[in-house]
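Each reported figure results from applying straightforward, stated rules to the coordinates on display, with no laboratory input. All of these numbers come straight from a predicted model, not from anything done at the bench. Cβ sites come from the backbone with ideal geometry, for glycine too, and all protein chains shown count toward neighbours.
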Amino acid sequence: MAQRADAFRSGRFYLPTVNLTDPTTKFGNITPALNNNYDVMINFSGNDRLRTFINQHGFFDQNGGTFNPGEYLALFCSEAVLPGSDIQSGKVDGLRQGLSQNYATFRRFPDVILTFYSQTDYYTNEVFNAWMEFISPTRVQDGTFGRNTSDRINHSAGAAYRRMQYPRTYKCNIEITAFSKDINDDFSKLNTTSRFNLQLPSAITYHIMNAFPTSIVAAPLAYGRAELIKTTITFNYEQYFTQRAARKGAIYAESDGTESNVRSV
């Protein structure tokens, strides 16, 4: 006799919908996540040459050129897409049993698309244009990058050429974190919000390894109603890893550790 469906064996078929969000039941942690709480961090700190090159192209140069532009760009990411994954498969046809068997061959990681607001000084555009220029720099006749933009423009029709950098010189890691807004405990929700009464929320972080931009699509300019200028960047990367953290009351646990009862920070 065939086994009954799990919906009937587990008893979920009579579970009232209200119990999904009722904190007094064992199902109270099943609360839908929202898509407007996230943070995107591009870590340029591990690539000194690229960070220095980007800092030379803008006014936002702090700490003697050691400033990480990703900390500033994290404030202006308007849209982000969580990375996906594909498994390519092969197939073997049976000779006698008449069955076809599929098996995994390669794991692929589709590109990640991030959209950033532009500022009045167009710093966002300058960062990604400089990053692309670092990957494929314009060389003038004497083999240097040129003294300024005018120098590169004057050589662009003649002796200018491009030579790609080595991959390890232009790749950076990216962190995309989606989190909940449960950042205050029940007592602190009645007080004025400050950093000292905050607690770590439930979250999931995608650690995107060795990423670099492959396409820049800027928003069109047009007369009429004013709109915010956005720049959409497509990133290629090698792979990603996930790290999840969950909170239920005063209990806080992470997927890569056994930490619990974390105090509010």
Output ordering of 237-244, 101-108 (per-residue mean of other Cβ within 10 Å, highest first) is 237-244, 101-108
Additional length obtainable on full extension of the chain from ARG96 to ARG9, 0.36 nm per residue less Cα span: 27.5 nm
